[in-house]
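Undergrad: Quick one: this structure, given as structure tokens, is what I'll be asking you about.
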Amino acid sequence: MSIAQNTETAAKLRCIACGATPDSAGQSFRCAACGDLLEFFFPGWSAGSPVFEPAALKALWLKRRTSRDALDQSGVWRFRELLPHIPEEHAITLREGNTPLYRLPRCARAAGVENLQAKHQGMNPTASFKDTGMTFAASSAHQGGFRWVACASTGNTSASMAAYAARGKMHSLVLIPEGKISWGKLSQALDYGALTCQLRTDFDGCVRILNDLVRQKPVCLLNSVNPYRIEGQKTAAIELMEQLAWEPPDHIIVPGGNLGNSSAIGKALVEMLELKLISRLSKLSIIQAQGANPFYRCVREFGGKKLEPMTADTLATAIRIGNPASWKKALRVLQATGGEVEQVTEVEIAVAKAEIGADGIGCEPASAVTLAGLKKLRRSGFVKPGESVVLILTGHALKDPDFTIKFHRGDLFAGASNEAEAAQAKYLQRAPVVLDANLGAVIAALDGAERTSK
Ligand code: F0G
């Protein structure tokens, strides 16, 4: 098996601001002329004559699902015709992607929509959506001959990068904010053998140091400014459309942190439309935590003209980001798809997370902003009751069990300014009950629960 390489569709790099098309990216993955971000584009796709026959491509992708080949089994490499070319000998895969699409009946009732589903990217090998981009970017680092790869992270990127680096026999350097990431994520990076540096700063401070580092040391930057990450992450949207028989939902809702994921999903939607794989665009909406809302303010207060960095604060530590790198890319996909931007409070996030859990799914706090945001978009009328909605759940519930336990014990907001607001979440709390070890006590607990259950 070989990775399809069609010279007509060979990818090229382009600066999103000045349009320069460099032959290769420097170590910062920024435009040498103006300093803005680079992206891949496929000149052959817009040349007029169709490059791919949509039905044949869909059939090929479906057929690969039954293959015994590792790259065919990957939910990223399976769609390689829509990605830049990386030779097979450099591909590092953990069979990422292939994530389930679930119906959320209780959440649908809570949000006031009839047709609500979640694509659970937390069901990836390292339990977050980062794996889909990381398989591709780590492979490109391998192709580039790097000994070291590095990232700044709120936790999930570092866990994913460390795993793929280990599989590709590369060393990995992780910069994370000290005390501000969950143990689940930190423990993964340690286990996968990363050099893990907890810096006394926030995520944005880690990014600044990493950007300086890559100018001095031969390490490959694997944050989502690396355009290979975006390409790999596109496949979540391609796979979603395949799961929906190529009938796009009316709305797709994603959390927004550094804004790589929204940029990738939006890019995939636009490209799939261009290639006639789908016949219309889903509206892509981006939700931020109120305490980490620079993109929300960029759109709502500044009309998309500027992004004002802020000091971010939210219990959803994955999206505790005040200066998102990919805001211009995200703005472009918001405009291209006609999506919205929303912000949600800490209590709204906690409630939404418990509601998703009550549907038997579970996710990490940052993922739950999608449901909280959907409720707001319903109230504002942007989402209509009869429209179909897909939430992108980005991380697994076990990434941050501390949050979940504190919520159910009623400790999450204890002593905080939003303690009173948190009272609205009481009905969702299921603290463990401590009983004497006798049958009568357990039966009494069971009968009590039966009386109050609906
Ligand atoms: N959800 C989860 C679980 C995340 O880990 C992240 C980002 C996001 C949402 C936001 O995605 O940055 O593409 O807008 N986590 C990063 C990290 C930044 O370092 O793991 P985004």
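The values are calculated or read from the model by the stated rules, or taken from the named source; none is laboratory data. None of these values were measured; they are calculated from a predicted model. Cβ sites come from the backbone with ideal geometry, for glycine too, and all protein chains shown count toward neighbours.
Undergrad: Out of segment 266-287, which residues are among the polar types (S, T, N, Q) and either on the phi > 0 side of the Ramachandran plot or touching a Ser or Thr at 6+ places or on another chain (Cβ under 9 Å) (or both)?
TA: Going through segment 266-287, the residues among the polar types (S, T, N, Q) turn out to be 279, 282, 285.
Ser282, Ser285, listed by residue number.
Undergrad: For residues in segment 427-454 being under 26 Å from Cys363 (Cβ atoms) and β-branched (Val, Ile, Thr), which is surrounded by the most Cβ atoms within 10 Å (Cβ to Cβ)?
TA: Val433
Undergrad: Would you mind stating whether Ser128 is near the ligand (Cβ under 10 Å from one of its atoms), closer than 18 Å to Val219 by Cα, crowded, with 24+ Cβ neighbours inside 10 Å and at pLDDT 95 or above?
TA: Details: near the ligand (Cβ under 10 Å from one of its atoms): yes; closer than 18 Å to Val219 by Cα: no; crowded, with 24+ Cβ neighbours inside 10 Å: yes; at pLDDT 95 or above: yes.
No; evaluated as a whole, the condition is false for this residue.
Undergrad: For segment 102-137, what are the residues that are part of a strand (DSSP E or B) and touching a residue at least 24 places away in the same chain (Cβ under 8 Å)?
TA: Quick first cut of segment 102-137, residues part of a strand (DSSP E or B) only: 102-103, 115-120, 128.
Correct list: Tyr102, Asn115, Leu116, Gln117, Ala118, Lys119, His120, Ser128.
Undergrad: Additional query: Could you list, ordered by first residue, the pairs with Cβ atoms under 8 Å in which the first is in segment 158-179 and polar (S, T, N, Q) and the second is away from the ligand (no atom under 16 Å from the Cβ), at least 6 apart or interchain?
TA: Close Cβ pairs (under 8 Å, with a partner that is away from the ligand (no atom under 16 Å from the Cβ)) amount to Ser172/Trp148; Ser172/Ala166; Ser172/Gly193; Ser172/Leu195.
Undergrad: Mind checking whether some residue in segment 402-409 is modelled with pLDDT of 95 or more, under 30 Å from Leu307 (Cβ atoms), among the basic types (Lys, Arg) and in a helix (DSSP H, G or I)?
TA: There is no residue in segment 402-409 that is modelled with pLDDT of 95 or more, under 30 Å from Leu307 (Cβ atoms), among the basic types (Lys, Arg) and in a helix (DSSP H, G or I).
Undergrad: Considering only segment 9-59, how many residues are in a loop (DSSP other than H, G, I, E, B), free of Cβ contacts under 8 Å to residues at least 60 places away in the same chain and aliphatic (A, V, I, L, M)? Outline the logic, then answer.
TA: We begin by selecting, within segment 9-59, every residue in a loop (DSSP other than H, G, I, E, B); these are 10-11, 16-29, 31-36, 42, 47-53.
Cutting the leftovers down to free of Cβ contacts under 8 Å to residues at least 60 places away in the same chain gives us 18-24, 26, 31-35, 47-49, 53.
Next, from what is left, pick out any that are aliphatic (A, V, I, L, M): 20, 32-33, 47.
Summing the residues that are in a loop (DSSP other than H, G, I, E, B), free of Cβ contacts under 8 Å to residues at least 60 places away in the same chain and aliphatic (A, V, I, L, M) in segment 9-59 gives 4.
Undergrad: Please specify each residue of segment 259-279 satisfying the condition of being within 14 Å of the ligand (Cβ to nearest atom) and among the acidic types (Asp, Glu). Let's see the steps before the verdict.
TA: Let us first name the residues in segment 259-279 that are within 14 Å of the ligand (Cβ to nearest atom), namely 259-268.
The answer is none; no residue qualifies.
Undergrad: OK, next. Name the one entry in Val254, Val270 that is in a helix (DSSP H, G or I) and either touching a Lys or Arg at 6+ places or on another chain (Cβ under 8 Å) or modelled with pLDDT of 95 or more (or both).
TA: Details: Val254 fails: in a helix (DSSP H, G or I).
Exactly one of Val254, Val270 is in a helix (DSSP H, G or I) and either touching a Lys or Arg at 6+ places or on another chain (Cβ under 8 Å) or modelled with pLDDT of 95 or more (or both), namely Val270.
Undergrad: Within segment 302-341, track down each residue that is of a type in the set (D, E, K, R) and within 12 Å of the ligand (Cβ to nearest atom). Explain how you work it out, then say what you get.
TA: To start, the set of residues in segment 302-341 that are of a type in the set (D, E, K, R) comprises 305-306, 308, 313, 320, 328-329, 332, 340.
The answer is Arg320, Lys329.
Undergrad: Same structure again: I'm trying to understand the selection: among the residues of segment 240-251, which are surrounded by fewer than 22 Cβ atoms within 10 Å (Cβ to Cβ) and outside any loop (DSSP other than H, G, I, E, B)?
TA: Within segment 240-251, Met241, Glu242, Gln243 qualify.
Undergrad: Do you know which of the residues in segment 367-399 that are touching a helix residue (DSSP H, G or I) at 6+ places or on another chain (Cβ under 6 Å) and assigned to a loop (DSSP other than H, G, I, E, B) is nearest to Glu247 (Cα to Cα)?
TA: For segment 367-399, the residue satisfying everything is Val383.
Undergrad: Now for a separate question. Of all residues in segment 72-83, which are within 20 Å of Met134 (Cβ to Cβ) and surrounded by fewer than 20 Cβ atoms within 10 Å (Cβ to Cβ)? Break it down stepwise before answering.
TA: As a first pass, look at segment 72-83 and keep what is within 20 Å of Met134 (Cβ to Cβ): 72-80, 82-83.
Once the filter is applied, which keeps residues that are within 20 Å of Met134 (Cβ to Cβ) and surrounded by fewer than 20 Cβ atoms within 10 Å (Cβ to Cβ), segment 72-83 yields Asp72, Gln73.
Undergrad: When the residues of segment 401-426 are narrowed to those that are free of Cβ contacts under 8 Å to residues at least 12 places away in the same chain and surrounded by fewer than 10 Cβ atoms within 10 Å (Cβ to Cβ), which ends up farthest from Ser367 (Cα to Cα)?
TA: Per the stated criteria, the residue is Gly415.
Residue-wise test of (1) over 25 Å from Gln73 (Cβ atoms); (2) in contact with a Leu (Cβ under 9 Å, 6 or more places away or on another chain).
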{"position": "Gln216", "(1), (2)": "yes, no"}
{"position": "Trp246", "(1), (2)": "no, yes"}
{"position": "Asn261", "(1), (2)": "no, no"}
{"position": "Gly266", "(1), (2)": "yes, yes"}
{"position": "Lys276", "(1), (2)": "yes, no"}
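Undergrad: Pick from Gly232, Gly256: which is away from the ligand (no atom under 11 Å from the Cβ), crowded, with 19+ Cβ neighbours inside 10 Å and closer than 25 Å to Met272 by Cβ?
TA: Details: Gly256 fails: away from the ligand (no atom under 11 Å from the Cβ).
Result of the check over Gly232, Gly256: Gly232.
Residues checked against (1) in contact with a Gly (Cβ under 7 Å, 6 or more places away or on another chain); (2) touching a residue at least 24 places away in the same chain (Cβ under 8 Å); (3) crowded, with 22+ Cβ neighbours inside 10 Å; (4) part of a loop (DSSP other than H, G, I, E, B):
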| site | (1), (2), (3), (4) |
| --- | --- |
| Lys276 | no, yes, no, yes |
| Leu284 | yes, yes, yes, no |
| Arg297 | no, no, no, no |
| Phe302 | no, no, no, yes |
| Lys306 | no, no, no, yes |
| Met310 | yes, no, no, yes |
| Thr314 | yes, yes, yes, yes |
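Undergrad: Still on this structure, I have one more. Limited to segment 159-185, what total is found for residues that are of a type outside the set (S, T, N, Q) and buried (at least 19 other Cβ atoms within 10 Å of the Cβ)? So that I can check it myself, show each step before the final result.
TA: Of all residues in segment 159-185, those of a type outside the set (S, T, N, Q) come to 159, 161-171, 173-181, 183-185.
Restricting the remaining residues to those that are buried (at least 19 other Cβ atoms within 10 Å of the Cβ) gives 159, 161-165, 168, 170, 173-177, 181, 184-185.
Matching residues across segment 159-185 total 16.
Undergrad: Sort out which residues of segment 362-388 are over 19 Å from Arg297 (Cα atoms), buried (at least 23 other Cβ atoms within 10 Å of the Cβ) and within 16 Å of the ligand (Cβ to nearest atom), and write them in order of number. So that I can check it myself, show each step before the final result.
TA: Start the filter on segment 362-388 by keeping residues that are over 19 Å from Arg297 (Cα atoms), which leaves 362-365, 367-368, 371, 375, 378-379, 381, 383-388.
Right, trim to buried (at least 23 other Cβ atoms within 10 Å of the Cβ) and you get 363-365, 367-368, 371, 383.
Once the filter is applied, which keeps residues that are over 19 Å from Arg297 (Cα atoms), buried (at least 23 other Cβ atoms within 10 Å of the Cβ) and within 16 Å of the ligand (Cβ to nearest atom), segment 362-388 yields Cys363, Glu364, Pro365, Ser367, Ala368, Leu371.
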